[in-house]
Amino acid sequence: MQIPLPKLDLPRLPFTPEQASTIAGHVDALYLYLILITLFFSSLVVVLIFYFAVRYRRRAADELPRPVEGSLVLETLWTVIPLMIAMTIFTWGASLYFALYRPPRDAIEIFVVGKQWMWKFQHTEGLREINELHVPVGAKVKLTMTTEDVIHAFAVPAFRIRSDVVPGRYTYLWFEATRTGRFHLFCTEYCGTNHSGMTGWVVVQDPTEYQAWLSGGTSESPAAQGEKLFQSLGCASCHKMDVQGRGPMLAGLFGKPQKLDNGQEVVADEAYIRESILDPQNKRVLGFGSVLMPSFRGQVTEEQILQLIAYIRSLGGPQGGTTGGAGGTMNTAAPGAGGGTTSGIAPDTQRSNPVGGTAPQRTQNANTPAGNRPPR
Ligand code: CUA
């Protein structure tokens with residue numbers, strides 16, 4: 001469930017990046033609260049040190065201090081008051097956390113794959129970008145992220161979002177940009193020699209400008225690419241669409257609970273589908289316990305797995321309807337266009353410049369990030 005956040009226009013704190021997402025003001029407000037509490041108690045301690053030093057100084061050389069008994073009132077107060085303050089921080093922080101890490105269902109979906117040392121993006125419509133991400137202003141955007149190699153972290157300071165990107169796992173972020181412009185994105189987890197160069201830009205555009213940019217690329221949707229993979233890898237010989245084959249039917253599966261042959265139940269989400277492709281024997285569907293599906297580990301890249309997931313998702317399921325038009329266009333992508341899917345970035349399907357043509361960006365030269373960076 002999505003916790004709605006009220007709109008918040010807070011003056012920017014000194015030394016903080018600009019606020020360019022709906023969540024940014026809320027994060028800053030919590031920080032301001034923490035800073036004010038810290039300032040208040042630090043000042044209180046300093047003032048009390050001086051006050052007590054004077055008030056309780058030794059007045060005679062042979063003075064004996066009065067014995068101090070405990071005070072129940074004092075002890076209760078300095079336990080209960082800090083507890084209540086800590087709980088306000090906790091509840092505020094927890095509600096922000098839920099808002100930050102539960103993507104809304106009606107969000108635009110973008111796949112993100114981290115790689116030493118670049119960020120690869122693929123839009124639902126099929127467009128790919130490297131180290132640059134185009135999004136429309138005022139729209140919710142959900143990032144489904146993983147990595148081909150080591151742990152990276154995706155962070156956009158102006159949006160106040162950040163998440164680790166972990167091998168073998170999907171992590172999610174979402175944001176809604178509140179103004180157009182270019183905002184720096186960073187890798188914020190040390191990931192090797194060129195970690196510091198693993199940066200890029202989020203380009204926030206007007207919706208019309210964004211649509212123009214989107215339509216400038218000729219490329220297949222991830223779902224259509226996934227469907228081709230599904231055929232070329234031979235998945236379709238067991239997972240049939242109309243009749244029950246040797247494997248479970250996949251239509252309408254996405255997002256639904258699945259009963260397993262060990263009595264457990266899982267939700268058929270991205271992580272489960274990924275696991276079923278790479279380690280099919282881990283969680284076998286009830287009734288298919290004796291079927292030995294081969295593992296596709298090593299045969300598909302992370303990007304291809306995301307495309308397969310997009311395809312299975314496009315076959316329907318509880319969440320399929322909520323993705324709206326995007327879900328509909330997935331199925332209709334013309335088959336036969338383009339060659340086989342590639343593990344890398346096909347230059348003709350990649351655009352990073354809304355104005356220029358479809359000039360391919362350098363993608364091979366991963367260790368010259370400056371070369372990947374678009375002109376400012
Ligand atoms: Cu990727 Cu640091």
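Only the coordinates and a few stated rules stand behind these numbers; no lab work does. Just so you know, these numbers come straight off a predicted model, no measurement behind them. Using ideal geometry, Cβ is built from the backbone for each residue, glycine included, and neighbour counts are taken over all protein chains shown.
Numbers at a glance
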{"quantity": "Rg/Rg_ref, segment 222-314, where Rg_ref = 2.2 N^0.38 Å and atoms are Cα", "calculated": "0.99"}
{"quantity": "Options 309, 288, 272, ranked by Cα towards positive dipole end of segment 222-314, top entry (Cβ charges)", "calculated": "288"}
{"quantity": "Peptides ranked, highest mean first, by Cβ atoms within 10 Å: ranges 205-213, 138-146", "calculated": "138-146, 205-213"}
{"quantity": "Cα Rg, Dmax, segment 67-107, angstrom units", "calculated": "18.7, 67"}
{"quantity": "Among 255, 244, 229 - extreme Cα towards positive end, dipole of segment 222-314, charges at beta-carbon", "calculated": "244"}
{"quantity": "Residue-wise HN-Hα coupling along segment 128-145, computed from phi with Karplus coefficients 6.51, -1.76, 1.60 (Hz; x: Gly, Pro)", "calculated": "10, 9, 10, 6, 8, 10, 8, 9, x, 6, x, 10, 7, 10, 10, 9, 9, 10"}
{"quantity": "Computed magnitude of the charge dipole of segment 222-314 (debye, nearest 20; Cβ of K, R +1, Cβ of D, E -1)", "calculated": "220 debye"}
{"quantity": "Built amide H within the under 5 Å cut-off of residue 185, gap 5+", "calculated": "200, 201, 202"}
{"quantity": "Net dipole in debye of segment 95-178 [+1 Lys, Arg Cβ; -1 Asp, Glu Cβ; about Cα centre; nearest 20]", "calculated": "220 debye"}
{"quantity": "Under 17 Å from the Cα of residue 140 - lysines, other chains or at least 8 residues apart", "calculated": "7"}
{"quantity": "Nearest-0.05 FRET efficiency for residue 238 and residue 34, computed from C-beta distance (R0 56 Å)", "calculated": "0.55"}
{"quantity": "Karplus (6.51, -1.76, 1.60) ³J(HN,Hα), θ = phi - 60°, over segment 173-186, in Hz, Gly and Pro reported as x", "calculated": "9, 8, 7, 10, 6, 9, 7, 7, x, 10, 10, 5, 10, 10"}
{"quantity": "For segment 263-269, Karplus couplings with θ = phi - 60° (6.51, -1.76, 1.60), whole Hz, Gly/Pro x", "calculated": "x, 7, 9, 10, 8, 6, 9"}
{"quantity": "5 angstrom amide H check on residue 153, placed H, neighbours 5+ away", "calculated": "165, 188, 189"}
{"quantity": "Amide H contacts under 5 Å for residue 169, placed H, 5+ residues apart", "calculated": "147"}
{"quantity": "Only Lys, Arg (+1) and Asp, Glu (-1) charged, at Cβ; segment 30-146 dipole about Cα centre in debye", "calculated": "120 debye"}
{"quantity": "Sorted peptide list for 80-92, 158-170, 279-291, criterion being average Cβ within 10 angstrom, highest first", "calculated": "158-170, 279-291, 80-92"}
{"quantity": "Spin-label pair residue 77/residue 56, simplified geometry with 7 Å Cα→Cβ offset, distance in nm", "calculated": "1.5 nm"}
{"quantity": "For segment 168-247, alpha-carbon Rg relative to the globular expectation (2.2 N^0.38 Å, N residues)", "calculated": "1.68"}
{"quantity": "Distance in nm between pseudo-label sites at residue 279 and residue 15 (7 Å out along the Cβ direction from Cα)", "calculated": "4.4 nm"}
